[in-house]
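Notes to accompany the following structure.
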Amino acid sequence: MDLRFQRCAMLFGEEDFQKLQRAKVLILGVGGVGSYVLDCLWRSGVSDITIVDYDRYDETNQNRQIGSEAIGALKTDRLKALYPTITTINQKMDMAWVEGFDFDPYDIIVDAADTTKVKIEIAKKCYKKLIMSTGSAKRFDASQVAVASIWKSHGDALARKIRNELKRAKFDRNFTVVFSPEMDRCQEKGSCVAVTGTFGLMICSETIKRIIQKV
């Protein structure tokens with residue numbers, strides 16, 4: 001065994017660690033939340049990870065995004081250099097892409113995308129395998145970050161909008177979200193890595209638990 005995973009195998013046990021190594025995970029968006037999901041999963045022994053993003057790093061990303069020192073670089077290119085076993089898709093995620101993409105090969109789908117309509121369509125298509133990040137901006141109290149069903153999330157404007165839109169579409173299926181009920185601390189999209197990173201690490205933990213329990 002690769003020595004870098006020795007302590008992971010000690011923690012999970014050999015059988016469950018092998019489940020992690022066989023798992024296929026898709027991460028949609030690798031910014032302040034998604035990049036921490038990627039880092040945590042990769043360091044935990046999940047090597048078959050596909051990331052989807054189309055953005056380039058700029059200076060404003062440096063307060064919260066892994067890889068953001070490479071200003072101007074494509075996020076997919078930079079993260080492939082840091083995590084060489086991953087697969088990258090440099091693609092803008094829009095409604096047409098969600099409709100046409102094959103999500104079936106993946107055991108877990110992590111939605112850390114920014115666009116509300118896209119998130120709603122992903123939920124409709126992939127709810128059984130989905131772990132979704134809701135709003136992580138405008139907050140700095142990481143102790144309030146929580147995991148729940150979308151229908152039990154509260155105190156977050158993005159989660160509320162997603163719930164309302166799903167109700168209008170008469171969609172009542174369940175899926176997991178990471179959210180924070182902390183009140184907004186600013187008007188614009190100010191952000192703190194204490195919260196965005198916690199979102200990512202919580203999603204990673206939920207992903208590991210689900211892989212070990214079900215894969």
Asp184 versus Lys209: modelled label distance in nm, points set 7 Å from Cα along the beta carbon direction: 3.0 nm
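If you stretched the chain out fully between Leu82 and Asn174, how much longer would it get, using 0.36 nm times the residue separation minus the C-alpha to C-alpha distance? Write down the numbers at each step before the final one.
Numbers: separation 92, 0.36 × 92 = 33.12 nm, distance 3.43 nm.
Extra length available between Leu82 and Asn174 comes to 29.7 nm.
Report, as a whole number in µm² per second, the diffusion coefficient that Stokes-Einstein gives for region 67-119 at 25 °C and 0.890 mPa s using the Kirkwood radius over alpha carbon pairs. Could the numbers behind the result be given before it?
Numbers: Rh = 13.0 Å.
D, rounded to a whole number, is 189 µm²/s.
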Orphan Cys of the chain, criterion: no other Cys C-beta under 4.7 Å: Cys8, Cys126, Cys186, Cys192
Computed FRET value (nearest 0.05) for Ala96 with Ala73, which takes r as the C-beta separation and R₀ as 30 Å: 0.70
Which of Asn63, Phe175, Cys192, positive extreme of dipole for region 49-207 (C-beta unit charges): Phe175
Mean Cβ count within 10 Å, highest first, over the residues of peptides 47-60, 194-207: 194-207, 47-60
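Relative to the Cα centre, what is the charge dipole magnitude of region 3-214, using +1 at the beta carbon of each Lys and Arg, -1 at the beta carbon of each Asp and Glu, and rounding to the nearest 20 debye? Display every interim value, and only then the final one.
Working: 33 positive and 27 negative charges, 126 e Å.
Here region 3-214 has a charge dipole of around 600 debye.
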Kirkwood hydrodynamic radius over Cα pairs of region 128-215, then Stokes diffusion coefficient at 20 °C and 1.002 mPa s, in µm²/s: 158 µm²/s
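DSSP beta bridges in region 3-214, what fraction antiparallel, as a percent rounded to 5? Don't jump to the answer; show the numbers that get you there.
Numbers: 5 of 24 bridges.
Antiparallel bridges: around 20 percent, rounded to the nearest 5.
If packing is taken as the mean number of other Cβ atoms within 10 Å per residue, what is the order of 82-88, 15-21, highest first?
Working: 82-88: 15.3, 15-21: 16.9.
Highest-to-lowest ranking by the protection proxy: 15-21, 82-88.
Rank by packing, highest mean first: peptides 125-137, 145-157, with packing defined as the count of other Cβ atoms within 10 Å averaged across residues. Mind showing how you got there, number by number?
Working: 125-137: 21.2, 145-157: 15.8.
By packing density, highest mean first, the sequence is 125-137, 145-157.
Throughout, read-outs are computed from the coordinates displayed, never taken from laboratory work. Everything quoted here is computed from the prediction, not taken from an experiment. Neighbour counts run over all protein chains shown; Cβ positions are idealised from the backbone, glycine included.
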